[in-house]
1. Using packing as a proxy for protection, rank A:74-80, A:57-63 so that the peptide with the highest average count of other Cβ atoms within 10 Å comes first.
2. Enumerate the amide H contacts of A:Val79 below 5 Å, restricted to partners 5 or more residues apart or on another chain; note that Pro and chain-start residues carry no placed amide H.
3. Taking each residue of A:26-38 in turn, how many C-beta atoms of other protein chains fall within 10 Å of its C-beta, and what is the average?
4. Of B:Val126, B:Ala176, B:Phe197, which is farthest on the positive side of the dipole of the stretch B:124-219, counting Cα position, with +1 on Lys and Arg Cβ, -1 on Asp and Glu Cβ, and the Cα centre as origin?
5. Of all GluC sites (Glu not before Pro) in the stretch B:93-198, which ones are in loop regions per DSSP and have a Cβ with at most 11 other Cβ atoms within 10 Å?
6. Net charge around B:Arg130, counting only other residues with Cβ within less than 11 Å of its Cβ (Lys, Arg = +1; Asp, Glu = -1)?
7. Would you mind ranking B:Arg107, A:Arg81 so that the residue whose beta carbon has the fewest other beta carbons within 10 Å leads the list?
8. Rounded, prolate or oblate: which fits the stretch A:16-143, taking a ≥ b ≥ c as square roots of the Cα gyration tensor eigenvalues, rounded meaning a/c under 1.5, else prolate when a/b beats b/c?
Amino acid sequence: MHRRSLALLALMPTLFGAAPGPAGIVVSGWARPTVAGQSSGAAYLVVRNFGPGADTLVGVASPVAGMAGVHRSQIVGGVSRMRPADGIAIAAGKKLTMAPGGYHVMLMGLKAPLKLGSTLPLTVRFTHAGQRQLRLPIQMSPPQ
Amino acid sequence: MSSDSNQTSVPTTRLRRLRLIVWGVVPVALVVVAVLWLRPSVATSGAVTQRADPGSPNFQLGGPFTLTGADGKPFSSAKLAGQPYVMFFGFTHCPDVCPNTLARLVRLRQQLNKGETPFQIVFVTVDPERDNPQAVGSYAKLFNSPIIGLTGTRAQIDQVAKQHAIYEAKVPDASAPDGYTMDHGAAALLFGRDGKFVATIAQEEGDDAALAKLKRITA
């Protein structure tokens, strides 16, 4: 019984899309659903750095996308622009919150639609914390 | 005698014919003058199909257009006659700003509480090379609410973007699909039932201001 609840506790972060690690980086987030034929999608991460030093988000990958990368949307003088954003540093004790209209994980060459209510497997790489394996919930809007 | 009557009858028939011609020409001339007078921008630009450039004093945002619908058939703006509509330019490989904007327009439309389509939402791609009718159609379906997805030839899209003062540019991006992304004007354009441009909704604008404008075009 005790061992089972411990195992459940260990599972909790996976269930909620968060993945704590030894370096103090905790990642959660969500992805927006897509429809058949749509080749690009977006996911939004929340990265908390509980560690003693800064860390840098250096890459993302997903088995359901041919290519994935962090991009940043910006409205500059009324014009929507999107540019790659490689290597986002998160200082110790700070949080990076990706949100619509700003930083996002761009998923390209989707092999299957991201279905509402299911999850997106995603690997996030950090310079110090290494890799985090996530399953992000697929939903229409950010978690409240 | 007979020659005499002939001499007098010939001028009267000529006069009658002249009178008929004059009365035939006068209304036509009046119509031409009226059209030229009522449409000074067309008259001064000298071209009927080309509208004034954005920035010129004669520029009127919007106007009739023909693009291609999700069914692959021509879509004329005449189909929007009598309905208010909101136009947004984007592209289907845009995973962030475009779906955010369309989802927001759908949400605001529901918040108006005036039925399913108190105004039409028109999505025009600025990336017709990749976005065929099927692509814009399935993209428009993403939002579980009626959205009209439109594409066209590059020339058609450029013309419609220009007449709506929408900036668009292809930007190289090695990390994007096909090696490029699109910069595009991000404002939503609001049109009244008469097809006349009323206002824009900017990305950074709050919901209250946006709703007030949507109420205006649907009043």
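1. A:57-63, A:74-80
2. B:Ala186
3. For this peptide, the per-residue mean of nearby foreign Cβ atoms is 3.
4. Ranked along the dipole, the leading option is B:Phe197.
5. Qualifying residues, ordered by number: B:Glu116.
6. Net local charge, B:Arg130 excluded: -3.
7. Going from least to most buried by this count: B:Arg107, A:Arg81.
8. Note, shape of the stretch A:16-143 comes out oblate.
Where a number appears in this text, it was derived from the coordinates with a stated rule and is not lab data. Being a predicted model, the structure only gives us computed values, none of them experimental. Cβ atoms come from the backbone with ideal geometry, glycine included; neighbour counts cover every protein chain shown.
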